[in-house]
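> Take this structure, written in structure tokens, and hold onto it; I'll ask about it next.
Values in this text are rule-based calculations from the coordinates and carry no lab data. Quantities reported herein were computed from a predicted structural model and do not represent experimental measurements. Here the Cβ positions follow ideal geometry from the backbone for every residue, glycine too, while neighbour counts run over all protein chains shown.
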């Protein structure tokens with residue numbers, strides 16, 4: 001996320017156009033590391049469809065980082081609104097993106113598991129939380145034993161919003177679990193707010209103050225032509241909430257999580 005004095009820039013994943021009161025800076029392809037790579041970068045990029053080059057060699061070096069186009073994967077057709085679908089399925093289609101500039105609103109945040117913004121904030125777009133494949137080795141774990149899915153921590157609300165969902169658990173999708181204190185936190189933290197209990201194995205609360213590498217993909221996504229089906233690509237999947245340290249029944253095990261991008 002970028003900031004221009006009194007304004008802000010955010011990426012709208014899954015679309016080539018910005019909301020009506022935002023100005024598009026450029027559009028292009030969602031780029032990421034190859035779905036089978038365990039090196040290179042861990043985050044997604046919005047790559048311009050008109051790249052500019054300086055010095056170059058045109059020779060491939062397997063030790064260098066690499067960026068690939070990104071494709072929708074998993075049961076996405078059951079989740080996304082097909083209004084902008086060019087074709088019969090989102091699966092294996094390339095994911096577009098656009099950088100949007102909003103004037104007079106200097107702060108932009110993504111709220112996971114919500115479809116509406118706090119009072120006084122402007123809704124830029126809402127959609128579904130997506131991440132790399134859970135069982136790949138690209139990103140650090142969401143569950144403490146996982147080697148895929150998202151790499152960052154999220155602050156999830158107590159009362160999540162849902163849109164389209166399936167509630168069937170898919171092992172390839174990203175997942176989100178609650179987070180617990182571990183190690184020797186009782187020796188480190190001030191105990192004033194722990195109520196006489198140990199911190200160990202207790203759920204970690206959070207408050208959103210200012211966010212990201214799970215990404216928020218628009219609920220009416222588009223696709224890009226020109227890429228090969230499931231060929232040398234990064235993959236993104238819907239993200240499901242998982243009960244345990246996450247409080248259920250507010251969260252529903254296996255239900256696809258929403259997200260919203262808000263500005264102020």
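> Please report the relative contact order for region 50-117, taking Cα pairs under 8 Å with a sequence separation of at least 6, and give it as a percent rounded to a whole number.
On the way: 25 pairs, mean separation 19.5, N = 68.
Answer for region 50-117 is 29 percent.
> Arranged by the count of other C-beta atoms within 10 angstrom, fewest first, what order do 95, 217 take?
Values: 95 30, 217 25.
Fewest-to-most Cβ neighbours within 10 Å comes out as 217, 95.
> Could the peptides 113-124, 251-262, 186-197 be put in order, highest first, of the mean number of other beta-carbon atoms found within 10 Å of their residues? It would help to have the intermediate numbers written out before the result.
Working: 113-124: 15.8, 251-262: 22.8, 186-197: 9.1.
In descending order of packing, they fall as 251-262, 113-124, 186-197.
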